[in-house]
Structures are given as structure tokens and as C-alpha cells.
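The values are calculated or read from the model by the stated rules, or taken from the named source; none is laboratory data. Model, not experiment: these values are computed from the prediction. Backbone-built Cβ (ideal geometry, glycine too); neighbour counts: all protein chains shown.
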Amino acid sequence: MMDIKDHGDWRRYKPAQLPKDAPANTMFSRRTSDHADWYDYVNSGTNFAISSIKLTLRAGNIVGAAVTDPTLLFPGDGSVLEVFDYAGSDPQADFGMKIYDPAARTFHDPPSPIMESPTMTELMERIAALEAKLGGA
């Protein structure tokens, strides 16, 4: 089982008053459990380990961003995880678009889309219909 810390579920919000020098189009996110502001949380310097991988999860527990620098993340409307025992060299390639299973604390590839192939009989019927439209054989 991987060593993973869940930093909670985050939701976008608009503060009553923008912080000094914040552009008017700045986006804000806060944690649903305690309303901690993302910018305060990430910039405190105490909430993330330096060598860990930080991840954002979108709906369906799909990994969006996977980085070492938490200031590169914005949770928006999603969750933030931290993985401590990663030994790879490209976290985005290794975690991006994977599905997180919180019960097993694992990441896996999304299922392949199921493509139903037409039967030979169905293909022959389609060909016959097209030929009939074209006035063919």
C-alpha cells in the first residue's frame, strides 16, 4: 500500500474582498472541511513534504496534475493528494489520467473503451444497402 496523505476536498469560491494586489480574475479554492484557502495553505510552507508528489484529483478520482512543487497546482473543484514513496522520474507520465482507488490506496489505468465490432452479416447488410442506394449490384 502506498504512503498517501489526503489534503481534502476543495471547492472554488469568490472571497468577499480580493486580497491586496490580486488580479480581478484570480480564482480561489477552499477546503470543504475547514474552509482553508488554497493560497494560504500551499504557501505556508508546512503542509507538503519537499520530495513528495502532489496530485490533483478531478471527478471520478482521475488524476489531473502530478508535480513536486505544490505551487504549480490549483485544486479548483477537486481533491489534493500527496504521495511519499514515489521512485520514478516523471510523475505526470506515471500518475496523470490514472484513477485513484482510495480504499486500496492505489492508482490504475482507466478502463479501455469497449468497441463493439459489427458481425460479418451486419457488414454484408450495410454493403448491400449502400450498393442498392448507388444502384449497384
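Odds and ends about this structure:
- Ser29 fulfils the conditions (1) under 17 Å from Lys5 (Cα atoms); (2) in a strand (DSSP E or B); (3) touching a Pro at 6+ places or on another chain (Cβ under 9 Å) except for a single criterion, (1).
- Pairs meeting the criteria (first residue in the stretch 82-103 and modelled with pLDDT of 95 or more and of a type in the set (Phe, Trp, Tyr), second residue surrounded by fewer than 17 Cβ atoms within 10 Å (Cβ to Cβ) and assigned to a loop (DSSP other than H, G, I, E, B), beta carbons under 7 Å, at least 6 apart or on different chains) are Phe84/Asp3; Phe84/Ala49.
- Residue match in the stretch 107-128 (condition: in contact (Cβ under 8 Å) with a residue 24 or more places away in the chain and under 30 Å from Ala36 (Cα atoms)): yes
- Subset tally (residues that are in a loop (DSSP other than H, G, I, E, B) and surrounded by 14 or more Cβ atoms within 10 Å (Cβ to Cβ)) for the stretch 98-116: 2
- Selection from the stretch 20-31 of residues that are without any contact (Cβ under 8 Å) to a residue 12 or more places away in the chain and either of a type in the set (Gly, Ala, Ser) or within 21 Å of Val80 (Cβ to Cβ) (or both): Ala22, Ala24, Thr26
- The stretch 117-137, subset exposed (fewer than 10 other Cβ atoms within 10 Å of the Cβ) and not in a helix (DSSP H, G or I), residue modelled with the highest pLDDT: Thr119
- Residues in the stretch 49-67 that are out of contact with any Phe, Trp or Tyr (no Cβ under 9 Å at 6 or more places or on another chain) and at negative phi were compared, and the one that is surrounded by the most Cβ atoms within 10 Å (Cβ to Cβ) is Gly64.
- Considered as a group, the residues in the stretch 68-97 that are in a helix (DSSP H, G or I) and of a type in the set (A, V, I, L, M) include one that is surrounded by the most Cβ atoms within 10 Å (Cβ to Cβ), and that residue is Leu72.
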